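**Student:** Okay, here's the structure, questions in a sec.
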């Protein structure tokens with residue numbers, strides 16, 4: 001059983017609505033030093049599969065390869 | 001200007017609906033080795049502020065401390 005961490009982010013240039021909303025809200029709260037906020041997904045998977053299979057799972061379901069990039073890290077055996 | 005990465009996850013024991021849905025969907029797609037999927041947020045902040053202020057931003061807006069944990073990493077100066 002392996003543990004994977006997957007970081008899903010919008011591709012460069014793709015508009016990120018939740019990030020833009022958080023950015024504006026933080027400035028409205030008085031945090032004027034905030035330059036940019038991008039919000040992606042942090043996915044933790046425990047599975048009895050290899051990394052190539054996890055990559056396939058990302059392409060099919062966990063990420064949207066049209067607008068998102070992702071990075072997979074193996075963090076250990078559970 | 002500093003760059004921070006924030007990992008927001010549901011606290012242990014808190015039900016994670018998107019994670020549970022992805023888990024079931026992956027098994028239905030034939031990935032039977034999948035044991036568990038948890039989906040949190042991966043937030044990238046560029047700001048001219050210190051880490052204590054970023055922590056405050058998490059408590060007030062970026063995370064929900066009642067049901068979520070978060071971890072902040074400083075990843076560099078932009």
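**Student:** Yes or no: region B:26-34 includes at least one residue that is in contact with a strand residue (DSSP E or B) (Cβ under 9 Å, 6 or more places away or on another chain) and under 27 Å from residue A:24 (Cα atoms).
**Tutor:** Looking for residues that are in contact with a strand residue (DSSP E or B) (Cβ under 9 Å, 6 or more places away or on another chain) and under 27 Å from residue A:24 (Cα atoms), one finds none in region B:26-34, hence no.
**Student:** Moving on. Among the candidates B:73, B:46, which residue alone is at pLDDT 95 or above, within 11 Å of chain A (Cβ to nearest Cβ) and either in a loop (DSSP other than H, G, I, E, B) or on the phi < 0 side of the Ramachandran plot (or both)?
**Tutor:** B:46
**Student:** Spot the failing condition for residue A:18; the list is (1) exposed (fewer than 14 other Cβ atoms within 10 Å of the Cβ); (2) more than 12 Å from the chain's Cα centre (by Cα); (3) without any contact (Cβ under 8 Å) to a residue 60 or more places away in the chain, and only one is missed.
**Tutor:** Unmet for residue A:18, out of (1) exposed (fewer than 14 other Cβ atoms within 10 Å of the Cβ); (2) more than 12 Å from the chain's Cα centre (by Cα); (3) without any contact (Cβ under 8 Å) to a residue 60 or more places away in the chain: (1).
**Student:** Of all residues in region A:21-43, count the ones that are surrounded by 14 or more Cβ atoms within 10 Å (Cβ to Cβ) and facing another protein chain (nearest Cβ under 7 Å).
**Tutor:** 15
**Student:** Then there is this: In this structure, is residue A:1 surrounded by 12 or more Cβ atoms within 10 Å (Cβ to Cβ), within 19 Å of residue B:26 (Cβ to Cβ), at the interface with another protein chain (Cβ under 7 Å from one of its Cβ atoms) and at pLDDT below 95?
**Tutor:** Against the criterion (surrounded by 12 or more Cβ atoms within 10 Å (Cβ to Cβ), within 19 Å of residue B:26 (Cβ to Cβ), at the interface with another protein chain (Cβ under 7 Å from one of its Cβ atoms) and at pLDDT below 95), residue A:1 qualifies.
The values are calculated or read from the model by the stated rules, or taken from the named source; none is laboratory data. All values derive from a computational prediction rather than experimental measurement. Neighbour counts are summed over all protein chains in view; Cβ atoms, including those assigned to glycine, are modelled from backbone coordinates with ideal geometry.
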